[in-house]
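Provided herewith is a single structure, encoded as structure tokens, for subsequent inquiry.
Every number in this text was worked out from the coordinates using simple rules, so none of it is lab data. A quick note: this is a predicted structure, and the numbers were derived from the prediction, not measured. FYI the Cβ positions are ideal-geometry reconstructions off the backbone, even for glycines, and counts take in every protein chain you see.
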Amino acid sequence: MGRYVIRRLLQMIPVFIGSTFLIFFMVYALGDPVAAMFGDRAPDPATAAQIRRDLFLDEPLWKQYLHYMGQIFQGNFGTAFNGQSVTELMASSFPVTLRLTVIAIVIEMVVGIVLGVFSGLRRGRDVDTTVLVLTLVVVSIPTFVSGYLLQFLFGVQWGWAAPSVAPEAPLNELLLPGLVLALVSLAYVTRLTRTSIAENARADYVRTALAKGLPRRRVITRHLLRNSLIPVVTFIGTDIGALMGGAIVTERIFNIHGVGFQLYQGVLRQNSPTVVGFVTILVLVFLLANLLVDLLYAVLDPRIRYA
Amino acid sequence: MRRATCARWGGCAVVVALVATACGGGAGASRSGVVSSSWGDPQNPLEPANTNEVQGGKVLEMLFRGLKRYNPKTGAAENVIADRIETKDSRNFTVTLKKGWTFSNGEKVTARSFVDAWNYGALLSNKQKNAAFFSYIDGFAQVHPDSGRPRARTLSGLVVKGDHTFTVKLNQKFSSWPDTLGYAAFMPLPQAFFRHHDAWLGNPVGNGPYLVDSYDKGSVLRMRKWQKYPGDDPARNGGIDLRVYTDNNTAYTDLQAGNIDLVDDVPAAQLTHVKADLGGRYLNQPAGIIQTLTFPMYDKRWNHPGAEKLRRGLSMAIDRDQITREIFHRTRTPATDWTSPVLGAHGGYKAGLCGDACVFNPVRAKQLIKEGGGIPGGSMTLTYNADTGSHKDWVDALCNSVNKSLEDDNACVGNPVGTFADFRNKITARRMTGPFRAGWQMDYPLIQNFLQPLYYTDASSNDGKFSNRAFDKLVNEANAATDTRRAVATFQDSEKILAQQMPAIPLWYQNGSAGYSDRISNVSLNPFSVPVYNEIKVN
């Protein structure tokens, strides 16, 4: 197990280098960001040249990349145009998005799995059909529609929640955006759990457990659910990364100053250090979440062993 | 047993994550007397000579007072710290300051506060984006050479004569130069700015009606009334909280929910029902902004002898009235000259100066375009940036109008460019093959600012590279004229050349729009479409 983890961690190094390389080239291929700093005015060439020299933009691309990587290994992700260091931006925005993601994951796990179990155990009956139709509706509504709708209803019409989140992003204000962020994945979790449960409900070990006279509750939670969770856990694991990166829409609607906000701002202003730095960290989050999922398999199903 | 451990671990992990990330809370700052307003994240650090966009500019207007200030109602440049600015030849100026002004840290505002700030702004190695504003001052070429290192650290045209007097020598005659001094780049700076630059950027110290309480970059700037402000326009509220919004729709929703007091940009999508939502608490008034379609005059296909007929014809093919009504819900006004109504008639605005070239006339348009050689290649692209400002809507409408007038479905198509940066790159690299969108927000309310930077040969914002000797000559004459009325008339003569040559089609004047809650009153917009924050009262 220990060796397996170390091997997986070592495999991340080439992925890390490869992804930064790709992102770096894609962002820099967009062109020179200096012209836009001057607004509708043509940049005065001397000042523009000075800024380019400072940002290392006057060097060939491969030199820029080496310089950037050299900086990264010293813990320096560069500076955004407004004078803040990118590490400072990360320190202020990752905790916010992490909180939002945790809320979304908790909602999607609790609600999704419960709904999935209920409909899976009552396959083909009214409850099952209703849940299936509901999830279909949720999946088909884009996040920005559900976001603006819920924001208007809860925030303006009924006044139950603030329509936007304060800069400090306290937990209670993040509940509504967390729900919006979770909605689509929630539907997937429900459907995955339902299928898995429905399939395993007829398995031999469930029949054995029932024949032993175990209470139904125990059969479902200990035997049926645990064995049915592997595909769900896989999905949630990959979803952590997706949620953190995909929060752009939700964060914009609820004015949350998290990762999505910084990425959006970075792309809009062609602020390459911000974009490359943030995406690099997101790649790492994704990799770690996947590793965690793989390790969780063994917990759920003791027959799985790592070498 | 094993199961229980797992559950506990899982639970712990969630709790740890929530606790670890929940730091930085505690918003409970008192809101009494304080106005909260929407804000866009400024692009550059907040320093006077480095701020060239509206969002940073509105903060500087609250934190600083300079030699002059533009009257929030009339736009006229009025003395604030300047006692008098005298000249005999429109080239050598003597500036005398009023006494008794200080920065909010107690430091006195003296002639040095200005001279040092201007020298800092002009010096190439400080990379200030507004450096060009000092280019009229003698010695600019030494501190800011086109290439190589600066040959001097201070402008030779600036001389401190005493605590409250300094002289300025310009490198050309410029009679309305004192009227440009209300612009943010010309604000004075305390010594603290030069000594502890990074600390100052985190907590800017100025001499305006407000002082910075806390600045959380990228999310909120809290300003409070400076009780000892010496000027005669003190804040009439306890302070202003500027909150950064990425989406102005959210800001508007927040206004409806009573979460914020003032939104200074009502999104286009809300314009249809803004009156029903806010009633009298909605402002829609002219601002010093004009939108144009600029032609690439460096491209032979658009600038051959006779092509002015083509350009004028295209202007006639645009139904400005319909587009401003349908797309902008009358928050823009069809343009009939190259300036803005906020200048007023005495300031140089002249309705109808463009003549019949700015009047929708499809029949004449078709005829003129034919005489001018037709649209190059039979089809033109209209380039715009698609990332901000919902430009797509009006570009499509405009092309539709041109296509209908010419009875040709392919005469005009929109050509979106992904980001503003890329758009600006293509323009500065002269890679435009057809007309492109241009917007101009005035730096100061002078007719000069609408003409010289945009159409004078090789001027800083002459994106189409228009060059006309007669136009340049008239601008020079107007700048040198000491009599304001004559200067304005001469500028208008130069504008008539634009009407003839049509290097840029005037489209419409943009209004400023704002909405506010019933918690505040006495809200108005200045000619720059920025709310007059210090006048706002909290009910």
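Give the Rg/Rh ratio for the range B:193-268, taking Rg as the radius of gyration of the Cα atoms and Rh as the Kirkwood radius, to two decimals.
Ratio of gyration radius to Kirkwood radius: 1.05.
Based on the Kirkwood radius over alpha-carbon pairs, what value in µm²/s does the Stokes-Einstein equation return for the translational diffusion coefficient of the range B:227-307 at 37 °C and 0.692 mPa s?
Reported coefficient: 190 µm²/s.
Can you tell which of A:Asp294, A:Asp58, A:Asp40 shows the greatest fluctuation in a Gaussian network model of chain A with Cα springs below 10 Å?
In this elastic network of chain A, the residue with the biggest mean-square fluctuation among A:Asp294, A:Asp58, A:Asp40 is A:Asp40.
Rounded if a/c is under 1.5, else prolate if a/b beats b/c, else oblate: with a ≥ b ≥ c from the C-alpha gyration tensor eigenvalues square-rooted, which is the range B:244-291?
Oblate shape, in that a/c is at least 1.5 and b/c is the bigger or equal ratio.
Taking only the alpha carbons of the range B:326-406, what extent do you get along each of the three principal axes, in Å, biggest first?
Taking the Cα atoms of the range B:326-406, the three principal extents are 43, 34, 20 Å.
Okay, moving on. Taking the Cα atoms of the range B:117-273 alone, what are Rg (to one decimal) and Dmax (as a whole number) in Å?
Rg then Dmax for the range B:117-273, in Å: 20.2, 59.
Once each part is reduced to its C-alpha centroid, what is the distance from the range B:373-427 to the range A:130-160 in angstrom?
The range B:373-427 and the range A:130-160 have Cα centres spaced 36 Å from each other.
Dimensions of the range A:1-113 along principal axes (Cα, Å, largest first)?
Per principal axis, max minus min of the Cα coordinates gives 59, 34, 23 Å.
Strictly greater than 21 Å: what percent of every Cα pair in the range B:55-138 meets that?
Tail fraction, whole percent: 40.
Direction-averaged shadow area of the convex hull around the Cα atoms of chain B, nm²?
Spelled out: convex hull of the Cα atoms, projected over all directions, averaged, 30.9 nm².
Here's a follow-up. Normalised radius of gyration for the range A:62-139, please: alpha carbon Rg relative to 2.2 N^0.38 Å, two decimal places.
Compared with the compact-globule rule of thumb, the range A:62-139 sits at 1.97.
How big is the C-alpha Rg of the range A:170-219 next to the rule-of-thumb value 2.2 N^0.38 Å, as a ratio?
1.78
Across all directions of projection, what mean area in square nanometres is found for the Cα convex hull of the range B:463-507?
Taking a quarter of the hull surface, the average projection is 3.5 nm².
Could you give the size of the charge dipole of the range A:109-250 about its Cα centre, using +1 on the Cβ of each K and R and -1 on the Cβ of each D and E, expressed in debye and rounded to the nearest 20?
That gives the range A:109-250 a dipole magnitude of about 1000 debye.
Ok, one more. Can you give me the pair-distance distribution of the range A:126-175, C-alpha pairs, 5 Å bins, whole percents?
Percent of Cα pairs in each bin: 4, 18, 17, 18, 16, 14, 8, 3, 1.
Could you tell me what % of all Cα pairs in the range A:205-307 have separations over 18 Å?
When every Cα pair of the range A:205-307 is considered, 63 percent fall beyond 18 Å.
Treat the count of other C-beta atoms within 10 Å as a stand-in for reagent exposure and order A:Val279, A:Val180 from fewest to most.
A:Val279, A:Val180
Can you give the helix-only mean residue ellipticity at 222 nm for chain B, where every DSSP H stretch with n ≥ 4 adds -39500 (n - 2.57) and the sum goes over all residues, rounded to the nearest 500 deg cm²/dmol?
-9000 deg cm²/dmol
Report the Cα-based extents of the range A:141-283 along its three principal axes, largest first, to the nearest Å.
64, 40, 27
Counting only Cα, what are the radius of gyration and maximum Cα-Cα distance Dmax of the protein assembly as shown, in Å?
Values for the protein assembly as shown (Cα only, Rg and Dmax): 30.8, 109 Å.
State, as an integer percentage, the relative contact order of chain A based on alpha-carbon contacts under 8 Å between residues 6 or more apart.
The value is 26 percent.
With a sphere of radius 14 Å drawn around the Cβ of A:Tyr4, what net charge do the other residues whose Cβ falls strictly inside it have (Lys, Arg +1; Asp, Glu -1)?
+3
Output needed: percent of Cα pairs per 5 Å distance bin for the range A:235-283, bins running from 0 to the one holding the longest distance.
Result, from short to long distances: 5, 22, 28, 25, 14, 5, 1 percent.
Normalise the Cα radius of gyration of the range A:186-256 by 2.2 N^0.38 Å (N = residues in it) and let me know the number.
Rg over 2.2 N^0.38 Å, computed on Cα atoms: 1.54.
Quote the charge dipole size of the protein assembly as shown about the Cα centre in Debye, to the nearest 20; the model charges only the Cβ of Lys and Arg (+1) and of Asp and Glu (-1).
2020
Still on this structure: So for the range B:389-484, Kirkwood radius off the Cα pairs, Stokes-Einstein at 25 °C and 0.890 mPa s: how many µm² s⁻¹?
D, rounded to a whole number, is 154 µm²/s.
Short version: what are the Cα gyration tensor semi-axes of the range B:270-383, square root of 5 times each eigenvalue, largest first, in whole Å?
Value: 32, 17, 13 Å, ordered largest first.
Run down the lysines and flag those whose C-alpha is under 19 Å from the C-alpha of B:Lys169, throwing out any fewer than 8 positions away in its chain.
Filter leaves B:Lys68, B:Lys88, B:Lys161.
How much space per residue, in cubic angstrom, does the convex hull of the C-alpha atoms of chain A take up?
Here the figure is 165 Å³ per residue.
Among B:Asn479, B:Gln501, B:Phe491, which residue has its Cα positioned farthest towards the positive end of the charge dipole of the range B:426-539, with +1 placed on the Cβ of Lys and Arg, -1 on the Cβ of Asp and Glu, and the dipole taken about the Cα centre?
B:Gln501
Test of understanding: ordering B:Asp233, B:Asp319, B:Asp409 by Cβ neighbours within 10 Å, fewest first, what list do you get?
With the fewest neighbours first, B:Asp233, B:Asp319, B:Asp409 line up as B:Asp409, B:Asp233, B:Asp319.
If you filter the range A:108-173 for chymotrypsin sites (Phe, Trp or Tyr not before Pro), then keep DSSP loop positions with at most 13 other Cβ within 10 Å, what is left?
A:Trp158, A:Trp160
Also, I was wondering about something else. For the range B:132-185, with equal point scatterers placed on the C-alpha atoms only and solvent neglected, what are the log10 I(q)/I(0) values from the Debye formula at q = 0.13, 0.21, 0.32 1/Å, to two decimals?
Log-scaled intensity ratios, in q order: -0.36, -0.88, -1.25.
Which shape class, rounded, prolate or oblate, goes with the range B:46-202 when its Cα gyration tensor gives a ≥ b ≥ c as root eigenvalues, a/c under 1.5 marks rounded, and past that a/b bigger than b/c marks prolate?
rounded
If eta is 0.890 mPa s and T is 25 °C, what Stokes-Einstein diffusion coefficient results for the range B:67-111, Kirkwood Rh from Cα pairs, in µm²/s?
The estimated diffusion coefficient comes to 204 µm²/s.
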